[in-house]
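Data block below; observations after.
The values are calculated or read from the model by the stated rules, or taken from the named source; none is laboratory data. Model, not experiment: these values are computed from the prediction. Backbone-built Cβ (ideal geometry, glycine too); neighbour counts: all protein chains shown. All accessible areas refer to the heavy atoms of the entire protein, side chains included, with ligands and DNA or RNA removed. Shrake-Rupley method; radii C 1.70, N 1.55, O 1.52, S 1.80 Å.
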Amino acid sequence: MNAERRKPGTFRRFDRGLSALIRLVDVGCVGLALIVSTHIFSVEWIHGYSYVAVIAMALFALGSEYFGTYTSWRTAPLGNEIVAVSLTWIAVVVGLLVLGYASKTTADFSRLALGTWFLGTLVLIAGQRVGLRILLRYFRYRGFNTRSLAVVGDNDVAAHVVETVTSAPWMGFRLVGVFDDRRACRMPTPVSKLEMPAGTFAELIQAIEGGAVDVVYVSLPLSARARLEEMLTRLANTTVSIFVIPDFFLFEILGGRWSTLGDIPAVSVCETPFFGLHGWLKRLEDIFLSLLILPSIALPMALVTLAIKLDSRGPVLFQQIRYGLDGKPFRVWKFRSMSVQENGAVIEQAKRDDPRVTRVGRFIRRYSLDELPQFFNVLVGDMSIVGPRPHAVAHNEYFRGSIRGYMLRHKVKPGITGWAQVNGWRGETDDPEKMVRRVDHDLWYIRNWSLMLDLKIVLMTTLLVLRQKDVY
């Protein structure tokens, strides 16, 4: 494969200068926001504000290195960068508050001005990151500030890398080709279907030595240890940036992140996304929304209670054992919609015109009113408002053995509504493929969770529940 020598993007040589400029702009935003805040509220600028500004700028500069704020964000979503910046500034604010209380100087400052400063700085710093992303995307779409990339290996993971790079020009990568010595004897291959330039590993080395490659992504199966070591040894004698992508697509990656066992690096394959700050945010979201929703549904719940009592004999509430977080059982609360209260080893799913469903039950199931008591499950912490729907234990035991990754749904709390439900995978699962699709959507939600996604699902649920047809 003949490789043409790469012509560097106009901004490539200024990457380090750009990083330094961003650092200066960030600390400048910290000082500027304080000046503006005091000016807005006509607060006299005393020496104390100068000390606060200097300390805050120093803490932000140090905290940014700790939180990795100035690492390369070329391949990362904007949200990740905003989170890193936000955590850095929150840490600075906490540090300032501790210093203020320890020195007993908090009374010397305007709380209104400082509060505005805290918020204004975050908006300014996050805003300039958004603006920079937009500017860089503009230039990268036009071929500037780009890096040439090569892929080693020809498998499903490599094909996914190729598709990711070609579908995201904003990353600023120009794909040189896919290199694999074994490709010729394995036709067709996953990458060959994409009609990408191809070559051998020796040709890749020639392309690197000719200056045509900046970054190499190595994608080989976990069993190819000898080949991987040989390739990395040869690549290490060049100046390209090297990334190894283990073939973890054998697994359902949930909450994948680097961690350590002592001084041993490890990557989590199956982990909850709700660790640390994310866990607190998710819990606060559940408490806030539950306290907001419960008063508004008090009257509908009272009317449903009355209707159930008048319609049929039996308790108003039905409790059933479900699996929750980490597979621990809990009692889910629902309005009783059937004449039976099944909670054993065998539970038959409700079907169209099911004789077990009462007259009131048919109505409240149609509009999901039977699920309203579960907001109390959310309030006590057994459930979340948004998450994978909990299934009866009997159904759980059946599907865990037939659907790959089924139990990974229990790495998070079950929800009243979820991504699967708002995408139409709700109600009876008479076809096993329906449950497979439901699980796929649940795992997608866990991998892509964010507060904005939760709010989107809540809004979609509100709009779709009145049009639901597949619930009996």
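Charge tally around Leu34: other residues with Cβ under 15 Å, Lys/Arg +1 each, Asp/Glu -1 each, net -2. Based on protein heavy atoms only, the stretch 402-451 ends up with 40 Å² per residue of surface accessible to a 1.4 Å probe.
Heavy-atom accessible area, probed at 1.4 angstrom with all protein chains present, ranks Trp89, Trp333, Trp45, Trp73 as Trp45, Trp333, Trp73, Trp89, highest first. Leu464 contributes about 50 Å² of solvent-accessible surface, heavy atoms of the protein only, 1.4 Å probe. In this structure, the residue pairs whose Cα-Cα separation is over 19 Å, taken from Lys413/Lys434; Lys282/Lys334; Lys434/Lys456; Lys309/Lys334; Lys334/Lys456; Lys282/Lys411, are Lys413/Lys434; Lys282/Lys334; Lys434/Lys456; Lys334/Lys456. Surface composition of the stretch 58-164: carbon plus sulfur atoms contribute 69% of the solvent-accessible area (1.4 Å probe, protein chains only, all chains present). Ordered from highest to lowest accessible area with the whole protein assembly present and a 1.4 Å probe, Ser241, Ser148 read as Ser241, Ser148. The label-point distance for Leu97 and Ile287, in a model that sets each label 7 Å from Cα toward Cβ, rounds to 1.5 nm.
For the set Cys270, Cys29, solvent exposure ranked by accessible area (probe 1.4 Å, protein chains only) runs largest to smallest as Cys270, Cys29. With R₀ fixed at 51 Å, the C-beta to C-beta distance from Arg142 to Ile46 puts the FRET efficiency at about 0.55. A simple spin-label model places pseudo-atoms 7 Å from Cα toward Cβ; at Ile90 and Thr106 they are separated by 1.9 nm.
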